[in-house]
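Quick notes on the structure that follows.
The values are calculated or read from the model by the stated rules, or taken from the named source; none is laboratory data. Everything numeric in this text was worked out from a predicted model, so none of it was measured. Cβ atoms come from the backbone with ideal geometry, glycine included; neighbour counts cover every protein chain shown.
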Amino acid sequence: MNSITPEKIKKKLKTGFIGQQLHYFEVTSTNDIAKELASLNAKEGTIVIAEVQTCGRGRLGRDWLSPKGGIWLSIILRPEVKARDVFKITFLTAVAVAKTIRKLFKLNVEIEWPNDVLIDGKKVCGILTETNIRGEAVDSVIVGIGINANIDINFFPEHLKKTVTTLAAEVKKEVDKEKFLHTLLKELKAYYKMFKENNFAPILEEWKRLNRLFGANVEVISFNEKIMGQAVNVDQNGALVIKLADGTIRRVISGDVTLLQEKR
Ligand code: BTN
């Protein structure tokens, strides 16, 4: 199975500040290490990457299975943004991942609000963005990206097999993780640059084009409340806009979505 090493990665990096500092461990969670490094003033663009995570974390306090074969990384960013705009970094990351998969494998990739990347409806990547605030300002943003690359689908417990996939399962062979990482970092750099230049609109357009939910009937569990309706848009805060059966509009800032019926 091909592995990633910092030497191998750095040799071919053409991403400027992204990845200049690169830490590679077998870790509990790359997000935890990145957070620690950020608090010690690690530079913007520092990457923590792991072959295995023993306590990988997902959204909403869930565990994230992170065996050998996956690509588990966290990037430290230091954007000058308000906390309410950090969702844009998650969005641009999802677009960068989706674009990378499209470019390398020509697969049917979609994004599912808020941050999942899917191939033919099955999750291949999750993104966990965590913000560190100092005083009033955003000090750093940790962007954790988990890609199910070369993991045997049988590794996943039965209840996940229907909803999860891996790159290897989709392309029916082991993928080159190093090449994937380089392509992804290049895409990320380009989108992050656009974001920093206040040019988020085209990224949002692309995110919307890749989105699989708009027009579909969904069920969202948000803070223990079940909301059912048609997903119609995302608003300027990254909230999912849902039209209920009686025409009322609800905005959901955080939650778990289930697609009930495809777009009409
Ligand atoms: C989700 O979909 O729930 C988000 C999953 C994020 C997983 C990645 S793997 C690298 C980084 N380290 C973690 O512990 N989590 C993120």
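Some notes on this structure:
- Residues (more than 17 Å from I18 (Cα to Cα) and at pLDDT 95 or above) located in segment 69-84: G69, G70
- Of the strands (runs of 3 or more DSSP E) lying entirely inside segment 100-146, those containing at least 1 residues that are small (G, A, S) are 122-134.
- Listed by position, the strands (runs of 3 or more DSSP E) inside segment 159-264 whose residues that are hydrophobic (A, V, I, L, M, F, W, C) and over 26 Å from G61 (Cα atoms) number at least 1 are 225-234, 249-252.
- Look at segment 14-42: where a residue is touching a residue at least 24 places away in the same chain (Cβ under 8 Å) and a partner is of a type in the set (F, W, Y) and part of a helix (DSSP H, G or I), sitting 6+ places away or on another chain with Cβ atoms under 9 Å, you get I18/Y192.
- Residue match in segment 22-32 (condition: within 28 Å of I253 (Cβ to Cβ), in contact with a helix residue (DSSP H, G or I) (Cβ under 6 Å, 6 or more places away or on another chain) and not aromatic (F, W, Y)): no
- Here is the figure for segment 88-123: residues that are over 10 Å from the mean Cα position of the chain (by Cα), of a type in the set (A, V, I, L, M) and within 12 Å of the ligand (Cβ to nearest atom) total 1.
- Exactly one residue out of V175, V143 is under 15 Å from V117 (Cα atoms) and surrounded by 19 or more Cβ atoms within 10 Å (Cβ to Cβ), and it is V143.
- For segment 28-50, the set of residues classified as closer than 19 Å to E178 by Cβ and within 12 Å of the ligand (Cβ to nearest atom) consists of T30, I47, V48, I49, A50, listed by residue number.
- Residues (within 11 Å of the ligand (Cβ to nearest atom) and among the aliphatic types (A, V, I, L, M)) located in segment 64-87: L65, I71, L73, I75
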